[in-house]
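What follows is a single structure, written as structure tokens, with notes after it.
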Amino acid sequence: ESAILIEQNTGKVLYEKNANEHLRPASVTKIMSILLIMEALDSGKISLDTKISCSEKAASMGGSQIWLDETESLTVDEMLKAICVVSANDCVVAMAEYLAGSEEAFVEQMNNRAKELGMKNTVFKNCHGIDEDGHLTSSYDIALMSRELITKHPQVFDYTMIWMEDITHNTARGSSTFTLSSTNKLLKQYQWTTGLKTGSTSKAKYCVSATAEKNEIELIAVVMAAPDYKARFDDAVTLLNYGYSVSAMYRDDNTEKLPDMKVAGGVEETVGLVYEEPFSYLDTKGSDLSSVEKTLNLPEEAQAPLEAGQKAGEAVYRLNGETLGTVNVVYSESVAAAGFRDYLKKVLAYFLL
């Protein structure tokens, strides 16, 4: 019923069908939950070794689970494996409760993060995706949160590319082994697959956010409300194959050294310049990307005071007269405005020489 294909680096939409339609996402919901877990790891709030206990609520979750026991604890690393590989509802609820105090508070964080990402079609009611009235999103919004996750936290692929792995339950009744087997059959069906998340319920039907990388191009294909699991994966493969058939990437890492710029009225006579970021352009027209031209638009001098990171000018990329995009050129350090004492020192230094 709904689908979208985007390129991860530029965010360019390559195909869409009913991309803003409000639909049930099932366990694809967990992409946002995983994003918040990854952000908690980055902030130092938790580590991969942090032990997470299981509440009565978490242990009672239905649907996909690893049968957590109230007497056991798993590490964040193990929880992430269970969430990403088998879509464990018990584990994602346990993580939500640990990070926010309750699932309800965690869901509030999910909705706040969705707003920050511009997910205008999304309202989360839970952290796992089990059908609930009003728990809705769109394929476009799923693409947005998928892009944020894989761009800012590529370590998620360490989990989403696991096909099968064992974890150990250590409970009051003893130890037992549980085998995780991935719900993402694309890992075996499509050689460039990197992730990301499947989901299905009776009302949501079959959904997937499929990520892949080929020839340094990363694509995200989202399929929602497919009639069965086979159609879900077939449609994702069709989208990805289409994307790779029409796409070529132009990249400029912008690592070359730029000449210093003269500074007027500053304590320093020159200031360093650097590119703010690399440049990427996704072509879908079969263009000759070797003909891309790059020009620098910079003033002859800068007027102090200057702040490090402040825009000095820009690099402009053109192809056949068409502007493809720009990258800011910024000052690499701050330069304060010169005062009377600074000018006096310069005069003295000149005569002493």
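For region 110-204, the convex hull spanned by the alpha carbon atoms encloses 158 Å³ per residue. For the chain, the residue among 11, 23, 174 whose Cα projects farthest onto the positive side of the dipole built from Cβ charges is 23. Accessible surface computed residue by residue for the chain, with neighbouring protein chains in place and a 1.4 Å probe, gives 48 Å² per residue.
Phi angles across region 168-178 convert, under the Karplus curve 6.51 cos²θ - 1.76 cosθ + 1.60 with θ = phi - 60°, into 3J(HN,Hα) values of 10, 8, 10, 10, 5, 8, x, 10, 8, 9, 10 Hz, Gly and Pro given as x. Distances between placed amide hydrogens fall under 5 Å for residue 131 paired with no residue 5 or more residues away or on another chain. Ordering 274, 2, 292 by the projection of their Cα atoms onto the charge dipole of the chain, which places +1 on the Cβ of Lys and Arg and -1 on the Cβ of Asp and Glu, puts 2 at the extreme positive end. Shown in residue order for region 274-282 are the 3J(HN,Hα) couplings computed by the Karplus curve 6.51 cos²θ - 1.76 cosθ + 1.60 at θ = phi - 60°: 9, 6, 5, 6, x, 10, 10, 9, 9 Hz (x for Gly and Pro). Mean-square fluctuations from a GNM of the chain, with a 10 angstrom spring cutoff on Cα atoms, peak among 271, 76, 222 at 271.
Listed cross-link partners 120/188; 115/152; 257/285; 197/285; 120/152; 45/197 are compared with a 27 Å cut-off, the Cα-Cα value being larger for 120/188; 257/285; 197/285.
Measuring nothing but protein heavy atoms, the accessible surface of the chain at 1.4 Å probe radius is 48 percent carbon and sulfur. Relative to its residue count, region 146-279 spans a Cα convex hull of 229 Å³ per residue. For residue 302, the residues whose modelled amide H falls within less than 5 Å of its own, excluding neighbours fewer than 5 places apart on the same chain, are 262, 263, 264. Coupling constants for region 227-232 follow from the phi torsions by the Karplus curve (6.51 cos²θ - 1.76 cosθ + 1.60, θ = phi - 60°), and in residue order they are x, 7, 5, 5, 4, 4 Hz; glycine and proline get x. Each Lys and Arg adds +1 at its Cβ and each Asp and Glu adds -1 at its Cβ; summed about the Cα centre, the chain shows a dipole of about 420 debye.
Based on DSSP H segments of at least four residues, each scored -39500 (n - 2.57), the chain has a per-residue ellipticity at 222 nm of -9000 deg cm²/dmol.
The values are calculated or read from the model by the stated rules, or taken from the named source; none is laboratory data. Predicted model, so just to flag it, every value in this text is computed and none were measured. Glycine also receives a Cβ, built like all others from the backbone with ideal geometry; neighbour counts cover every protein chain displayed. Note: areas computed on protein heavy atoms with side chains; ligands, DNA, RNA excluded. Shrake-Rupley method; radii C 1.70, N 1.55, O 1.52, S 1.80 Å.
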